[in-house]
1. Can you sort B:C32, B:C40 by how many other beta carbons sit within 10 Å, fewest first?
2. Summarise the partner chain shielding of B:209-219 as one whole number: the mean count of Cβ atoms from other chains within 10 Å of each residue's Cβ.
3. Using only the Cα atoms of the range A:79-179, what do you get for the radius of gyration and for Dmax, in Å?
4. Quick one: of the DSSP bridges fully inside the protein assembly as shown, what percent are antiparallel, nearest 5?
5. Please compute the average number of Cβ atoms from other chains found within 10 Å of each residue's Cβ in peptide A:311-318.
6. How far apart, in nanometres, would the label points at B:E304 and A:R14 be if each is projected 7 angstrom from Cα along the Cα-to-Cβ direction?
7. Taking 2.2 N^0.38 Å as the expected size of a compact globular protein, what ratio does the Cα radius of gyration of the range B:1-116 give against it, to two decimals?
8. Residue farthest toward the positive end of the dipole of chain A, with Cβ of Lys/Arg at +1 and Asp/Glu at -1: which of A:G58, A:A276, A:I170?
Amino acid sequence: MASIRLENVTVRYRHNDVLKGINLTVEDGEFCALVGPSGCGKTSVLRVIAGLTRPVAGNVYMDGQLVNDVPSGKRDIAMVFQRFALYPYMTTRENWAFPLIAAGLPQREIEARIHAMSEFLSMGPLMDRYPKQLSGGQQQRVALGRALVRRPKVFLMDEPLGSQDAKMRIEMRAKLKKLQMDLGITTAYVTHDQVEAQAIGDKVAVMEAGVIHQVGTPEEIYDKPATLFVAGFVGTPGMNFLHGSLQREDDHLVIRHPLFKLAVPPAIAASVEARASSQEVIIGFRPEHIILQQSLGADSIPAEVYVLEPQSNKLVVSLKLGQEIIRVQADRDRLGFEPRLGQQVFVTFEQEFAHIFDKVTGRRIS
Amino acid sequence: MSRVVLLHLHCWYGQTHAVDDVTLEVEDGELCVLLGPTGCGKTSTLRMIAGFVRPTSGDIFLDGRRINDLYPGDRNIAMIFQSYALYPHMTVRQQFAFPLKATKMSAQEIEQRIKETADFLHMHEFLDRYPGELSAGQQQRVAVGRALIRRPKLFLMDEPLSQLDARLRVEMRATLRRLQQDLGITTIYVTHDQMEAQSVADKIVVMNLGRIQQIGSPLEIYAHPANLFVAGFIGSPPMNFLDCRLEQQQGQLYVCNDHFAFPLRPDLAQKVGHDSLGRPLVLGIRPEHIRLSPEAKAGAIPAEVYVLEPQSSELIVDLKLGDLILKMRGDKREIGFRPHLNQQVWMEFQQDHLHLFDKGTEASII
């Protein structure tokens, strides 16, 4: 049982603030994925929780207790790194027993825990092998097992799947998610891969340059990104951004773009207007929320097919829309025609999926 | 006009048969991707074409001329590497001029070529900048320009995007593809990333253990994989594989194993030879070709929701079927209900997209 709370935590290396007063809560039993580009501070967050880095300001709480002055070894935390850091001269069994012997557990208890863990991770036939006799995925399981066998209060993982190939990463992330759910151990997980973060986290914290832009469920950060950064970082291919200006027309609030006009739904018009710092806004449409057609329809805009990228059952089409390039992602079965390079096609934006951001502050206003 | 033909190429490194009987034609203007895991022979094949490695046996033709015995510098082939390998101390203009100076071309003609290349790549305003002052996309264009200015017959690219972060890689592969199409220059491109291969290729050559597994368009490779290796390598999450056998009852063929038995559609049944009856087979179904229902349906297979992985507009559902785990992937809007953990659901395989493989030979049956 453990919850983690960071309160206004600032970490400084020399004159560089790598964490700028961040606040984050991970509830008991929750799986929180920290995601962001390299250098965003996500690993520093883990180090602060682990007690390996001391913040220059702010507080760290575990289960409501202030732990700023509790040394790392006393926090009952287990860490798994990208490089597994297994003891090369120890077998799987010895790697697992080591932290338990160090903790002074009785021999019988150690054996019982190791046996249970080997069942859980299906390591039975590999218990007496040395790390170099194991594949990457198996070494991963040894590293996880060594951390788990201690039954820590908190699990911290830093790109634990980073050294696996693409297929193994997809397989392992589902296993890890299941394992964490079954054990109910509070977990903070660092990755640079937004696809992985969405798949694995109960909650995702998106970071950039030492600040947390948004914390939410995978659905929240995808459906309602709080800032332009989150909007552009989450989802592949990335969201399309178009410049527009907010205007009143009769009684309606609209956004004008040289090629189209977007009606702001009346329900949110007042709040959009109140939150906009100027007329300048950025409209975001995800590639999956733009409809591609062969012929002109109501509200559709002509565009030219610029690049075609097949992607399994989808087709990603880059289009030249005036001077801009936008991307559309369509289901190949449902598209109804086979776009050709240079062809003139027509696009319709699904207006209910428009995201509106303030151009100056970068914040969501819709 | 440049056409590449490889005939029965073999490459041995000591005891290792790195390239095993590769025969391949690349048409003029085509972008051909050599795709496969580490050690599959793709880079060795590329290096033999470039002239860095001598084939143990077999022939390489460029435009009908056998080039096995030509030095790399005499083959009129340009290579683009992972890091672009730009000279950091040279401006774009100097980078462009460098390969031409080596050919003792007149200063006037060099100027002319630089102008043409800069026109083509829209690099005029950047001619006097250093690589450090350019974005990744501009650096890529410089690398292409420097290769192009020699007017080579063939472009070879070895993982040209692997150093970029995920977002930039997705963007750059589209610009690279468009550029290659505008230039119309025959290109052979090596990658281990199946998504990248699908997105840039006219033709994909899937390799494993030194041998070609299949040659085809991205759609052919995805929709009609020739064997288990190709089926499992293309697509993400990968195709689900289930051991099964075919049984005949009252003139109807059933696909069966310990967990299910469903009738094979008559048109598919016709494609199956009688010798496949009763033999060990593998059923292949992609995650995107499984339909889920919250209620029991005739012919549907009951399973349990094991893990849920949100993925932007889609959801990946891990399904437990006895001791097997299958993955299904679908658009959240189209799944039609909100699956929850441990829920009992019913799955149907879309027979339009069903694959059967012989377990022994691993070859595709349907």
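1. Ranked by crowding around the Cβ, least crowded first: B:C32, B:C40.
2. For peptide B:209-219, the averaged partner shielding equals 1.
3. Rg, Dmax (Cα atoms, Å): 12.9, 41.
4. The answer is about 80 percent antiparallel.
5. Going residue by residue through A:311-318 and averaging, the value is 6.
6. With each label placed 7 Å out from Cα toward Cβ, I get 5.5 nm.
7. On the way: Rg = 17.0 Å, N = 116, 2.2 N^0.38 = 13.4 Å.
Rg over 2.2 N^0.38 Å, computed on Cα atoms: 1.27.
8. The listed residue farthest towards the positive side: A:G58.
Just so you know, all these numbers are worked out from the coordinates, no wet-lab data involved. Computed from a prediction, not measured in an experiment: that's the story for all the values here. Neighbour counts run over all protein chains shown; Cβ positions are idealised from the backbone, glycine included.
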